[in-house]
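The values are calculated or read from the model by the stated rules, or taken from the named source; none is laboratory data. Being a predicted model, the structure only gives us computed values, none of them experimental. Here the Cβ is made from the backbone with ideal geometry for all residues, glycine too, and neighbour counts use every protein chain on show.
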Amino acid sequence: MDSLLKEINMLPGVFGCFVYTGNQELAAAKLPPIFKENTIKTMGNLLTRTIKMGAMANVDIEAIEFKFDVSLIIVKPLKQGAILVMVCEPAVNKSLINMTTAMLTNDIQASIDKGTVPQAKKIPTQVIQATTAVPGQEQPKKQEAEIDAALAPILENIKDALAYAIGPIAGQIMLATIETWAQQGPTSKQQLPSLAALLCKEINDTELEKEFMGQIKSLF
């Protein structure tokens, strides 16, 4: 199964993909580490229910697409309620995806039917430190991030490069990371490498980090 999903991931414009069974189980996933396992399962549940509702209404669904500003989600129904979900860039070559998935669908389905699907690799979750308010003690105000307006075009380009690495949640990650970066000191073009280092920690994948840095190194 992993090798089949890798073939899909090699297609230009594909961020990652996963297979979810009709028994509400994550069969396999090949997505950037930033995608949490619980998030993938939630997506799988919602999408399989959508397919089932179509079947109940006698609607034969060959594919479903969800288009967002920075991503396109393509869902291909398999047998017995299973689905193949691909997270892509909006301008991805759909004809190439359709041709490739048509060739691989039978093999993916065979892996599910034979029960030989390996346990899906758990995607590392990000550790979040919570602060507890102490009654009667005034909490320090959070300093607002101040960013030089001249950096806006560069930061936008960095966000676009990040989207290629981690997909549709790049905008949210970019905002949170910029805030952390700004708290470390004055922001300037000379300090962009430290921002890039923080973003690489969020990517948390050696190959994707190298690709990301290769796309943005000319910006600073």
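Of the residues screened, Gly44 is one that is part of a helix (DSSP H, G or I), within 21 Å of Ile166 (Cβ to Cβ) and not aliphatic (A, V, I, L, M).
Give me a count of the residues in region 39-51 that are without any contact (Cβ under 8 Å) to a residue 40 or more places away in the chain and either more than 12 Å from Ile83 (Cβ to Cβ) or of a type in the set (Val, Ile, Thr) (or both). Steps first, please.
Initially, region 39-51 is screened for residues without any contact (Cβ under 8 Å) to a residue 40 or more places away in the chain, giving 39, 41-42, 45-51.
Narrowing further to those that are either more than 12 Å from Ile83 (Cβ to Cβ) or of a type in the set (Val, Ile, Thr) (or both): 39, 41-42, 48, 50-51.
Summing the residues that are without any contact (Cβ under 8 Å) to a residue 40 or more places away in the chain and either more than 12 Å from Ile83 (Cβ to Cβ) or of a type in the set (Val, Ile, Thr) (or both) in region 39-51 gives 6.
If you go through region 86-97 and pick out every residue that is more than 18 Å from the chain's Cα centre (by Cα) and closer than 20 Å to Thr21 by Cα, you end up with 0.
Only one of these is out of contact with any His (no Cβ under 8 Å at 6 or more places or on another chain), surrounded by 13 or more Cβ atoms within 10 Å (Cβ to Cβ) and at positive phi: Gly44, Gly22, Gly81. Name it.
Being out of contact with any His (no Cβ under 8 Å at 6 or more places or on another chain), surrounded by 13 or more Cβ atoms within 10 Å (Cβ to Cβ) and at positive phi holds for just one of Gly44, Gly22, Gly81, which is Gly81.
Do we find that Ala197 is part of a helix (DSSP H, G or I), modelled with pLDDT of 75 or more, in contact with a Ser or Thr (Cβ under 9 Å, 6 or more places away or on another chain) and closer than 30 Å to Ile40 by Cβ in this structure? Taking the combined requirement at face value, the residue does not satisfy it.
Say we look at region 50-69 and pick out the residues that are in contact with a helix residue (DSSP H, G or I) (Cβ under 9 Å, 6 or more places away or on another chain) and modelled with pLDDT under 85; which of these is farthest from Thr105 (Cα to Cα)? That would be Asp69.
Hey, can you tell me all the residues within region 4-36 that are over 22 Å from Gln80 (Cα atoms) and modelled with pLDDT of 85 or more? Write out each step before concluding.
To start, the set of residues in region 4-36 that are over 22 Å from Gln80 (Cα atoms) comprises 6-7, 9-16, 31-36.
Result: Lys6, Glu7, Asn9, Met10, Leu11, Pro12, Gly13, Val14, Phe15, Gly16, Leu31.
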